[in-house]
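Heads up: the structure comes next, in structure tokens.
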Amino acid sequence: EELDDKFQETGEEENFSAVVLDESLLNVDLFGQVNEKMVLVFKRYFLKLAKLYRDLPGKKNPITVTINSSGGNANDGFAIFDIIRSSGIPITTVALGGAESAALIIFLAGSKRRIHQNALLLTHETHENDLEGGAHTAHSLVTIGNQLLITDKLINKIILENSKINRKTLARLKKSEKLITAEEAVKYGLAHKIIKNG
């Protein structure tokens, strides 16, 4: 089955995300905000790619997912992580520019992870961006707090299981919100290889 469209934009300018599929049908680019629309488009493309991949005869190159994103919704990052990991297909993820916050979770889904030499990674303490948006009751604040704790535990689990980072280092990185360079990403086991320029 042919894929009819090779590019899909989603959202308003501040929530812009793009999912781009190249002609080889083995490379998908995820750019912009990690959000529900990105998940929907990625899932649609990826399920078709997975079927095409399984039907290819002989030795196959892995599918590559390139990410350039400052992050977005953690649940949507978990969704794309699970779509990739549950596929059973070898996936190489590539950080280009940056993979921050929810995008770092997506990056960690790759069985092989590569990072461009000037790309940056970032993890941070989980926070609720909507607190300024309106009044909250004591009960809703407790609920939000519980949701943040559960989300934070999932993020920590994914990072700890897919890197060489220990809990103490992870807590320090999240608290400082320090950008992680390509060299540090390899040292921490977040990435496996640096893609060097020329």
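The values are calculated or read from the model by the stated rules, or taken from the named source; none is laboratory data. All of these numbers come straight from a predicted model, not from anything done at the bench. Glycine gets a Cβ as well: all are built from the backbone with ideal geometry, and neighbour counts include every protein chain shown. The protein model used for the area step is the full one, side chains on, heavy atoms only, and it has no ligands, DNA or RNA in it. Shrake-Rupley method; radii C 1.70, N 1.55, O 1.52, S 1.80 Å.
Computed over the chain with a Gaussian network model linking Cα atoms closer than 10 Å, the most mobile of Ala103, Ala79, Ala95 is Ala79. Loop-located GluC sites (Glu not before Pro) in segment 158-198 (DSSP state other than H, G, I, E, B) with a sparse environment of at most 12 neighbouring Cβ atoms within 10 Å: Glu177. Computed over the chain with a Gaussian network model linking Cα atoms closer than 10 Å, the most mobile of Lys164, Lys51, Lys43 is Lys51. Each Lys and Arg adds +1 at its Cβ and each Asp and Glu adds -1 at its Cβ; summed about the Cα centre, the chain shows a dipole of about 1400 debye. Under a 5 Å amide H cut-off, with hydrogens placed 1.01 Å from N, Ile91 pairs with Ser111, Lys112 among residues at least 5 apart or on other chains. On the beta carbon distance between Leu148 and Glu184, with R0 = 35 Å, the FRET formula returns roughly 0.85. Calculated [222 nm] ellipticity per residue, helices only, for the chain: -12500 deg cm²/dmol; basis is -39500 (n - 2.57) per DSSP H run with n ≥ 4, divided by all residues, nearest 500. Given the options Leu121, Leu96, Leu170, which has the most mean-square fluctuation in a GNM of the chain, springs set between C-alpha atoms less than 10 angstrom apart? In this elastic network of the chain, the residue with the biggest mean-square fluctuation among Leu121, Leu96, Leu170 is Leu170. For the residue pairs Lys112/Lys175; Lys48/Lys153; Lys43/Lys178; Lys157/Lys178; Lys48/Lys196; Lys153/Lys193, the alpha carbons lie more than 29 Å apart in Lys48/Lys153; Lys43/Lys178; Lys48/Lys196. 3J(HN,Hα) couplings calculated from phi for segment 75-87 with the Karplus curve 6.51 cos²θ - 1.76 cosθ + 1.60 (θ = phi - 60°) are, in sequence order, 4, 6, x, 4, 4, 5, 3, 5, 4, 5, 5, 7, 6 Hz; Gly and Pro show x. The DSSP beta bridges internal to the chain are antiparallel in roughly 30% of cases. Using C-alpha pairs below 8 Å separated by at least 6 residues, the relative contact order for the chain is 16 percent.
Sequence-ordered 3J(HN,Hα) estimates for segment 32-45 from the Karplus curve with 6.51, -1.76 and 1.60 and θ = phi - 60° stand at x, 5, 7, 8, 4, 5, 4, 4, 4, 5, 4, 4, 4, 5 Hz, glycine and proline given as x. At the residue level, Phe16 shows approximately 80 square angstrom of accessible surface with a 1.4 angstrom probe and all protein chains present. Ser101 sits with roughly 30 Å² accessible to a 1.4 Å probe, with DNA, RNA and ligands left out of the calculation.
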